[in-house]
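Trainee: Dropping a structure here in structure tokens format, bear with me for questions.
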Amino acid sequence: QNHTSRYIHTDSRVRNWTMISFILMVNKQGQTRLSSYYHWMSIEERVALESEIIRKCLSRSELQCSFLEYRGFKVIYRRYASLFFIVGTKADIDAGKAAENNENDMGILEFIHTLVETMDKWAGSICELDIMYQLEEVHFLLDEMVMNGYIVETNKANILRPIDLLEREAKTAEGMFR
């Protein structure tokens, strides 16, 4: 089997993966700059969950670990400059309610680091304004890395190639978006 086939294998006896439930990018004041959800939640649930998780993450000192459990979610976060990158995971929905969340915390931290490095490579040095003013491109970048709650790509060149093509096409005089 090749590396990517394990992410799309549908035999539930074999697959007991943990999925990413949400990804948040938040500033130091607690304002959400990007949110991406990979399992359905009502808007009211999202707002309540975001505010509680953000409050918990922002209130923790730098000496505390970057992992916490909240309402059945394993929350892994990391601060880069003035932004917090927060990832919430839950056991795979297909695995049933009794399934444990065995997500590799360090693996998710590495994913967050790869996300930030990829955003830095794309935008220079990523900052809150880049996310605010180029939100659609940031979502494209994130969608290249995560599909349906599963990490599908971590190679920076592969992630940035389609975004670069979109940007080049938009700049041409005969671009399909003109």
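Any read-out appearing in this document is the output of simple, stated calculations on the displayed coordinates, not a laboratory observation. Predicted model, so just to flag it, every value in this text is computed and none were measured. Counting neighbours? That spans all protein chains shown, and the Cβs are built from the backbone with ideal geometry, glycine included.
Trainee: DSSP loop (so not H, G, I, E, B), at most 16 other Cβ within 10 Å: list which trypsin sites (Lys or Arg not before Pro) in the stretch 33-77 pass both filters. Present the calculation step by step, with values, prior to reporting the outcome.
Mentor: Details: sites: Arg33, Arg46, Arg55, Lys56, Arg60, Arg71, Lys74; in loops: Arg60, Arg71.
Of the trypsin sites (Lys or Arg not before Pro), the ones in loops of the stretch 33-77 whose Cβ has at most 16 other Cβ atoms within 10 Å are Arg60, Arg71.
Trainee: For the pair Asp143 and Glu44, what calculated FRET efficiency results from E = 1/(1 + (r/R0)^6), where r is the Cβ-Cβ distance and R0 = 30 Å, to the nearest 0.05? Walk me through the numbers before you get to the answer.
Mentor: Details: r = 25 Å, r/R0 = 0.84.
Here the calculated transfer efficiency is 0.75.
Trainee: Just to be sure I understand the model, the point goes 7 Å from the Cα along the line to the Cβ. What's the resulting Ala170 to Arg60 distance in nm?
Mentor: Using points 7 Å along Cα→Cβ, the separation is 3.4 nm.
Trainee: Could you pull out the chymotrypsin sites (Phe, Trp or Tyr not before Pro) across the stretch 111-178 that fall in loop regions by DSSP (anything but H, G, I, E, B) with no more than 16 other Cβ atoms inside 10 Å?
Mentor: Numbers: sites: Phe111, Trp122, Tyr133, Phe140, Tyr150, Phe177; in loops: Phe177.
Passing sites in the stretch 111-178 are Phe177.
Trainee: Next question, about the same structure. Under a crude label model (7 Å from the Cα following the beta-carbon direction), how far is Gln134 from Lys121 in nanometres?
Mentor: About 1.4 nm separates the two model spin labels.
Trainee: Add +1 for every Lys or Arg and -1 for every Asp or Glu among the other residues with Cβ under 14 Å from the Cβ of Glu136, and state the total. Write down the numbers at each step before the final one.
Mentor: Values: positive: Arg33; negative: Asp130, Glu137, Asp143, Glu144, Glu167.
Computed value for this residue: -4.
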